[in-house]
Ligand SMILES: [Mg+2]
């Protein structure tokens, strides 16, 4: 069986970058983090940052605050990715992060340690900014420019919901909850397949694939686009506390 490769972004998808950066910026300024708005646009204008100001705080946060070592994991990421991994999905982490000269060793080390601590399963770890250069069957990302670049190359992209991307159309994950409003994981035989996706299951191919289809059931708004992952193999089973190594 061929693996379905899911390209997974880190910042704003698995790691709460904005929360970590707000703590660092507050420390740099000597203020309470609560003074910084949590609903921010992509350029952090709400914090009074210019592009240069953002980069200055980012670089300092990476070096002094261990931004990539200490960022809080986004709730549910580990559990959801383990479900996918257990079901045979190949998790390919794709992140930029190498934007600060002479801190690459720190960034890479902090990233891999963070991934282990956060219990994120993955089989590949790619550091690069041009995400369309990395092949995957579907991607999940929060950055508007990445979503646009990937989609313009013909890729399937799930937008991970953040305040700065709510104008983007198409597939969207409101979070990592298994039954989040617009994103489902299903395969034949699961309750989701039998209750919500019976008509859909007749349309999905017999190999791992991503399909965007409307879903109509009690838990998902009618007509809401949805990504289904399905496989001829065993269905996913609920997470346990003792996972095998990926
Ligand atoms: Mg991101």
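Throughout, read-outs are computed from the coordinates displayed, never taken from laboratory work. Just so we're clear, the structure is a prediction, and the values are computed from it rather than from any experiment.
A few comments on the model shown:
- Separation of alpha-carbon centers, the stretch 27-49 and the stretch 143-162, rounded to whole Å: 26 Å
- Stretchable slack from residue 34 to residue 79, in nm (0.36 nm times residue separation minus alpha-carbon distance): 13.3 nm
- Potential lengthening of the chain between residue 102 and residue 50 amounts to 16.5 nm, from the contour at 0.36 nm per residue minus the alpha-carbon distance.
- Rounded, prolate or oblate (a/c below 1.5 giving rounded, otherwise prolate when a/b exceeds b/c) for the stretch 1-110 by Cα gyration tensor: prolate
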